Amino acid sequence: MLTSTWEWIRLFGFLAYFYFTISIIFGLLRKSPYVKLHKNLIYQIHQNAGWMGLFTLIAHMLVLMIDSYKPYNVVEVLIPFAADYKSVASSLGTIAFYCFLIVLMTSDLWIKTMSRSIWKNIHMLVLPAWLLSLFHGIIIGTDTENLYVLIFYALTAGFTLFILVLRIVSQESLKKDISPKNNTSI
């Protein structure tokens, strides 16, 4: 049973990281030529997991401010390097929050007001944001010494990296297939 704010902080932190991981994996899969069926379902999972990640991340930040052991104030939560407790590790989480927030806002709320190339460049912020959140959890997380938590981080990082490499390789092979050199029609 979750009885302390510290347990809720950890739960919301893990959930936010998990949801963002799912969002990234399904976002990478969505444009993959290996997944042709259920593109709409994949997109819906990608989008909903991203928003769930943001909501649980905000809950994580809010519970940090009411923690009885080491409460953060609003400035420490929202301004990178302002936290007294593990300033750098805390800042990784804060910076990741802003990157995720920008990606979600531009993707779902402001996408029609910008060019596709600008949107795509902003959307790629999700990868460094996810990496920052991974490092934030590993460095500042009190559960990092737990074998199951380490396995969780290793599996999510490994699977995300695998899907990213698969996406890059598939895009490169697709570029080669449609290049002018391979076009033999006259």
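Close Lys pairs in region 3-176 (alpha-carbon distance under 27 Å; sequence gap of 8 or more, or different chains): 17. Principal semi-axes of the equivalent ellipsoid, √(5λ) from the alpha carbon gyration tensor of region 88-179, are 29, 21, 8 Å from largest down. Accessible surface computed residue by residue for region 3-176, with neighbouring protein chains in place and a 1.4 Å probe, gives 57 Å² per residue.
Using r as the Cβ-Cβ distance of Thr144 and Lys112, and R0 as 45 Å, what FRET efficiency do you calculate, to the nearest 0.05? So the FRET efficiency works out to roughly 0.60. Our estimate of slack between Leu62 and Asn40, defined as 0.36 nm per intervening residue step minus the Cα-Cα distance, is 4.6 nm. Taking N as the residue count of region 1-41, its C-alpha radius of gyration divided by 2.2 N^0.38 Å amounts to 1.73. On the chain, 71 percent of the accessible area sits on carbon and sulfur atoms, based on a 1.4 Å probe. Annotation for Ala154 and Tyr85: the two label points, set 7 Å from Cα along the Cα-Cβ direction, are 2.8 nm apart.
Between Lys70 and Val165, the FRET efficiency from the beta-carbon distance, with R0 = 30 Å, is close to 0.20.
The values are calculated or read from the model by the stated rules, or taken from the named source; none is laboratory data. Remember, predicted model here, so these are calculated numbers, not experimental data. For neighbour counting, all protein chains shown are included, and Cβ atoms are generated from backbone atoms with ideal geometry for every residue, glycine included. Please note that ligands, DNA and RNA were not included when accessible areas were found on the heavy atoms of the full protein model with its side chains. Shrake-Rupley method; radii C 1.70, N 1.55, O 1.52, S 1.80 Å.
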